[in-house]
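Novice: One structure, as structure tokens, below. Some questions next.
The values are calculated or read from the model by the stated rules, or taken from the named source; none is laboratory data. From a predicted model like this one, the values you see are computed outputs, not experimental measurements. When the accessible area is computed, the model is the full protein with side chains, heavy atoms only, and any ligands, DNA or RNA have been set aside. Shrake-Rupley method; radii C 1.70, N 1.55, O 1.52, S 1.80 Å.
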Amino acid sequence: MTSAIPALESWLPAEYAPDRASDIRGHLPMLYDAARGRRVMELGVDRGVSTSAFLAANEQHGGITLSVDCRDCRAFHGHPCWRFIQADSLDATIVPTGDPAFDVLFIDTDHSYGRTLGELKAWSGALRSDGVILLHDVDNPMYPGVGDAIREFIGHGGFSVAYHHGSFGLAEIRRNRDAVTAFGMPSEFGLTIS
């Protein structure tokens, strides 16, 4: 069950007024719920619609959202629960190492197979053992690379995926409970898990 998002429209940038459609709007309640009291890493900001759901949850329930985009996407500049890094999401200097740093990893970047798989490999090591990876546009026929990357990623074991349809789809990837200690992926992809 998803909760209502308090005053969501107050967080949306002006170009996303309630009468204006967004391809992710149908998943905003799930994004809000995922971010309640949690640390969120968002790869891909664009106009900030998904960011608005994360920040509404962070403000109401605690937490923080760190967003990365190659473009200057400072839609929420100055918000106390938001940090923005303008960089390539695959830049190794911004990927945390050591202790897992995030509860939620949200990926909505260029939707290519190579980048999406690279982001999954690079950033999954920064995800806490009970965290979730969310990817948008998994049902979008314009971006078959997203689904292909997900299948490749979970094919290495240790993760399972659930799909939420509508609004071009949202994938929810979680570590398999029994795979947290017998996790084969880090050595395969050069990642370290604490």
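Novice: Could you order 109, 93 by accessible surface area, starting with the largest, using a probe radius of 1.4 Å?
Specialist: 93, 109
Novice: When every alpha-carbon pair in region 54-184 is counted, what percent end up more than 23 Å apart?
Specialist: Details: 2934 of 8515 pairs.
Result: 34 percent of Cα pairs exceed 23 Å.
Novice: Let me ask something else. When averaged across all projection directions, what area in nm² does the alpha-carbon convex hull of region 51-108 cover?
Specialist: 4.4
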